[in-house]
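Asker: Before I ask anything, here is the structure I am working with.
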Amino acid sequence: MSQGFVLSNKQERMVKNAADMIVSDRTYNLVIGAVVVYGVFVNMLMCKFLAPVILGINWLVLIIGYIACVLAGTMIAYKSDSPVISFLGYNLVVIPIGAVLTVCLQAYSPGVIYQAFLLTGIITFIMLAAATIMPGTFAGMGRMLFIALIGLIVANLVCLIFHIQTIITAWIAAVIFSLYIGYDWVKAQMYVKTLDNAVDSALDIYLDIINLFIQLLSILGRRTEE
């Protein structure tokens, strides 16, 4: 579920189009926060109330649908200049991720899920606060984080091919996505303050948070087994 698999021309967000409506910094950041919270809330509702339906879906259909919807949703969100269309694309990402999360959570106890959720919230708050206080530090992390993410993907593929089980990659991934939260927040503040850019930035941060949550689940789940 990594944003590293989706490439977008973020430079376009720094250029104002004729149809763009500039909003205040407060409104812009409130929209980012509201859209991110909306996505997480939808995922929670899906996991709680739609589990029987989702678990009844053929796993191959679920995976194919997940990949198709996430790719389509991200492309729609990033390519559109309309906040409404971008929000529709955002939902095309949120809903399939919620379905996959519902399946994944079956492997963990409620206690582990609660701990991962709580830690994700705490880390997110800390990263946003740190990025607000030290924007220059996080702004310079882009290339490093991208290289680290590619390295992580390669490492996970190697572990998968050779059937290597290690918790180290989960810890590294948790660090990478934690830093990505701060980085994407700082980048969001560099864009033209439009509602469309707010939705696009929310998608970036939402993906960071979901990836962090999944890694923490893996870490806490293995600690419980030990």
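The values are calculated or read from the model by the stated rules, or taken from the named source; none is laboratory data. Just so you know, these numbers come straight off a predicted model, no measurement behind them. As a convention, Cβ positions derive from the backbone with ideal geometry for all residues, glycine included, and neighbour counts pool all protein chains shown. Accessible surface areas use protein heavy atoms only, side chains included; no ligands, DNA or RNA. Shrake-Rupley method; radii C 1.70, N 1.55, O 1.52, S 1.80 Å.
Asker: Please check: in the Gaussian network model of the chain (C-alpha springs, under 10 Å), which one of Asn43, Asn58, Asn29 has the largest mean-square fluctuation.
Answerer: Asn58
Asker: Further question on the same structure: Accessible surface of Val103 in the full protein assembly, 1.4 angstrom probe, to the nearest 10 Å²?
Answerer: Roughly 60 Å² of Val103 is accessible to a 1.4 Å probe.
Asker: If I model segment 61-205 as equal point scatterers sitting on the Cα atoms and use the Debye formula, what is log10 I(q)/I(0) at q = 0.09, 0.13, 0.18 Å⁻¹?
Answerer: Once normalised to I(0) and log-transformed, intensities are -0.34, -0.75, -1.39.
Asker: If you don't mind, another one. In square angstrom, rounded to the nearest 10, how much accessible surface does Phe41 have for a 1.4 Å probe?
Answerer: It works out to around 110 Å².
Asker: Starting from the Cα gyration tensor of segment 30-104, take the square roots of the eigenvalues, sort them a ≥ b ≥ c, and report rounded, prolate or oblate (rounded when a/c is under 1.5, otherwise prolate if a/b is larger than b/c, else oblate).
Answerer: Here segment 30-104 falls in the oblate category.
Asker: Ok, one more. Semi-axes of the equivalent ellipsoid for segment 23-71, please: Cα gyration tensor eigenvalues, times 5, square-rooted, ordered largest first, whole Å. Show your work: numbers first, answer last.
Answerer: Values: eigenvalues 192, 43, 4 Å².
Each semi-axis is the square root of five times an eigenvalue, giving 31, 15, 4 Å.
Asker: How many angstrom lie between the C-alpha centres of segment 55-85 and segment 170-187?
Answerer: 23 Å
Asker: Could you give the length gained on full extension between Leu118 and Thr27, defined as 0.36 nm per residue of separation minus the Cα-Cα distance, in nm?
Answerer: Going from the current span to full extension adds 30.1 nm.
Asker: Say each of Gln189 and Thr132 gets a label point 7 Å from the Cα, pointing the same way as Cα to Cβ; how far apart are those two points in nm?
Answerer: According to this spin-label approximation, the distance is 0.9 nm.
Asker: Right, here's the next one. Rounded to the nearest 20 debye, what is the charge dipole size of the chain about its Cα centre when +1 sits on each Lys and Arg Cβ and -1 on each Asp and Glu Cβ?
Answerer: Values: 11 positive and 11 negative charges, 18 e Å.
In debye, rounded to 20, the chain gives about 80.
Asker: At a probe size of 1.4 Å, how large is the accessible area of Asp208, to the nearest 10 Å²?
Answerer: Accessible surface of Asp208 is approximately 0 Å².
Asker: Can you give the alpha-carbon Rg of segment 158-226 over 2.2 N^0.38 Å, where N counts its residues? Intermediate values should be presented prior to the final figure.
Answerer: On the way: Rg = 15.6 Å, N = 69, 2.2 N^0.38 = 11.0 Å.
With N residues counted in segment 158-226, Rg over 2.2 N^0.38 Å equals 1.42.
Asker: Once you sort the root eigenvalues of the Cα gyration tensor of segment 104-165 as a ≥ b ≥ c, which label holds: rounded (a/c under 1.5), prolate (a/b larger than b/c) or oblate (the other case)? Show your work: numbers first, answer last.
Answerer: Working: a/c = 4.91, a/b = 1.16, b/c = 4.22.
Oblate.
Asker: Given a 1.4 Å probe and heavy atoms of the protein chains only, how would you sort Tyr66, Tyr38, largest accessible area at the top?
Answerer: Sorted descending by solvent-accessible area, the residues read Tyr38, Tyr66.
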